[in-house]
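Chemist: What follows is a single structure, and I will ask about it in a moment.
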Amino acid sequence: MQVYLVGGAVRDALLGISVEERDWVVVGSTREQLENLNYRAVGRDFPVFLHPESHEEYALARRERKIAPGYRGFAVEFGPEVTLAEDLARRDLTINAMAQAADGTLIDPYGGRRDLDARILRHVSAAFIEDPVRILRVARFAARFAPLGFTVAAETLELMRSMVDRHEVDALVAERVWQESEKALRESAAARFFEVLRECGALRLIYPEVDALFGVPQPGEWHPEIDTGVHTLMVLEQAGRLSADPKVRFAALVHDLGKALTPRSDWPKHHGHEERSVNLIEKLCARLRPPAEYRDLAVIVARYHGIVHRAFELTPKTMVDFMERADAFRRPQRFANALLACEADARGRTGFEQRPYPQRLYITAARAAAAAVRPTAADIAAADGERIAARMHERRIEVVAAVQSSHSAGL
């Protein structure tokens, strides 16, 4: 029995990146032998075991054969006769198809170290086309390693296009699409994920609402980049700089979906796109089924980003009405995240990337002042719940007016 460290742990160590988790491949062994050594079986489709002490994953070396369409259409073969090279051959990218022996020797049958040094994401073999999830994984790795200068090999991108043309992407289930998307949204260069999907033609099938934004113009006065799709990815890039929260980044991605439905006769203006965006977000989320907190934040940003941008034009009453509708007092962290996504929207324009966005600080101060309002003992004793709420609303308007006056004086 030989045991090898494989995959991401080998790759990241060679890149000088901290290794978060380690996976192992066992060659020349059987299920029974591992169980006799107190390894605990956890694999459903193929034998994966947890080490009795470290609890790291150990998988028996295996081969895969394509027997049906889709990413589940594989027959898995495993046994002591399967070699390490055969196991590595089934992996997606050469940089993920390296192994390390116990003595530190690097086993690299497919040129992963070469591609690592060249900053290239390249498929291991023609078997790449058998699994449509690999399209998502390549796009995700492109996002993850974009800050290090990695690009997708031209021949790999061509294979991805061929998979789209053969409708392999149609076999992807919503759960797996969202799983890979959420991982990509956790990367600072998340926009690259969607760029790669668009380059290979998969974006129009997986995220048609986002793909439809490309080619839709906006007023050049406010959007020098013109194209709404370009703006959307610029907003996502800015969200990556402002927040590590993937929910903020998702809200940034989908905040303008409704512009794709603007009648051409109205271009480049997009009156009423906010509610159209909300409808499309709800349909997208019904299809991909992200956690509800992703949808809820995205809906708030889509519906109210125009109001946030015009914060200094709002009356105190309009400001309080908006904060109450956005549930700013009961959900302060979500509201703060919504303001971050709005700032990303403002900065995600050509020439506006470094512009200050005082609206966020102003609204934050107004919310804090209004949130500090509490019913007095006299209010509670003399009125019912509806009257107390009305009085609270009035006092919130008063304190927001004071914040507004203070801000105006500071200017």
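Chemist: Quick check on the stretch 158-314: take the gyration tensor over C-alpha atoms, sort the square-rooted eigenvalues as a ≥ b ≥ c, and tell me if it's rounded (a/c under 1.5), prolate or oblate.
Modeler: Details: a/c = 1.69, a/b = 1.37, b/c = 1.23.
Prolate, because a/c is 1.5 or more and a/b exceeds b/c.
Chemist: Using the Cα atoms as the points, what is the convex hull volume per residue of the stretch 1-112 in Å³? Kindly include the intermediate steps, with their values, before the conclusion.
Modeler: Numbers: hull volume 12.7 nm³, N = 112.
Cα-based convex hull of the stretch 1-112, divided per residue, equals 114 Å³.
Chemist: What ranking of ILE380, ILE120, ILE281 emerges when the number of other C-beta atoms within 10 Å of each C-beta is taken as an exposure proxy, fewest first? All intermediate terms of the calculation are to be shown ahead of the outcome.
Modeler: Numbers: ILE380 12, ILE120 19, ILE281 26.
Least to most surrounded, the residues fall as ILE380, ILE120, ILE281.
Chemist: Note down the magnitude of the dipole of the chain about its Cα centre, charges +1 on Lys and Arg C-beta and -1 on Asp and Glu C-beta and zero elsewhere, to the nearest 20 debye. Walk me through the intermediate numbers first.
Modeler: Details: 56 positive and 59 negative charges, 193 e Å.
Roughly 920 debye for the chain.
Chemist: Computed on alpha carbon atoms, what radius of gyration and Dmax characterise the stretch 254-411, expressed in Å?
Modeler: Here Rg and the maximum Cα pair distance are 17.8, 58 Å.
Chemist: Let me ask something else. Among residues other than TYR39 whose Cβ falls under 12 Å from its Cβ, what is the net charge (Lys/Arg +1, Asp/Glu -1)?
Modeler: On the way: positive: ARG31, ARG40; negative: GLU32, GLU35, GLU53, GLU56, GLU57.
My count for the surroundings of TYR39 gives -3.
Chemist: Just want the ordering: LYS247, LYS269, from fewest to most Cβ atoms lying within 10 Å of their own Cβ.
Modeler: Lowest to highest Cβ neighbour count: LYS269, LYS247.
Chemist: Let me ask something additional. Starting at the first residue of the stretch 167-178, write each ³J(HN,Hα) from the Karplus equation 6.51 cos²θ - 1.76 cosθ + 1.60 with θ = phi - 60°, in whole Hz, x for Gly and Pro.
Modeler: 6, 5, 5, 4, 7, 5, 8, 4, 4, 6, 4, 5
Chemist: A further question on this structure: For CYS200, which sequence-distant residues (separation of 5 or more, or a different chain) have an amide H within less than 5 Å of its own amide H, given hydrogens modelled in the peptide plane?
Modeler: none
Chemist: Given the C-alpha atoms of the stretch 119-203, compute the convex hull and give its volume per residue in Å³.
Modeler: Values: hull volume 6.5 nm³, N = 85.
Output value, Cα hull per residue: 76 Å³.
Chemist: Taking other Cβ within 10 Å of each residue's Cβ, how do HIS51, HIS123 sort, fewest first?
Modeler: Working: HIS51 17, HIS123 23.
Listed from fewest to most nearby Cβ atoms, that is HIS51, HIS123.
Chemist: Tally Lys/Arg at +1 and Asp/Glu at -1 over every other residue whose Cβ is under 11 Å from the Cβ of ARG122; what's the total? Mind dumping the intermediate values first?
Modeler: Values: positive: ARG114, ARG119; negative: ASP92, ASP115, GLU155.
In short, -1.
Chemist: Right, next: Restricting to DSSP loop positions (anything but H, G, I, E, B) with no more than 12 other Cβ atoms inside 10 Å of their own Cβ, which trypsin sites (Lys or Arg not before Pro) remain in the stretch 133-189? If you can, show how the numbers build up before the last one.
Modeler: On the way: sites: ARG134, ARG137, ARG140, ARG144, ARG161, ARG166, ARG176, LYS183, ARG186; in loops: ARG166, ARG186.
Hits after loop and neighbour filter: ARG166.
Coordinate-derived values only; no laboratory data. Note that the structure is predicted; figures quoted are calculated from it, not measured. All Cβ positions, even for glycine, are placed from backbone atoms using ideal geometry, and neighbour counts span all protein chains on display.
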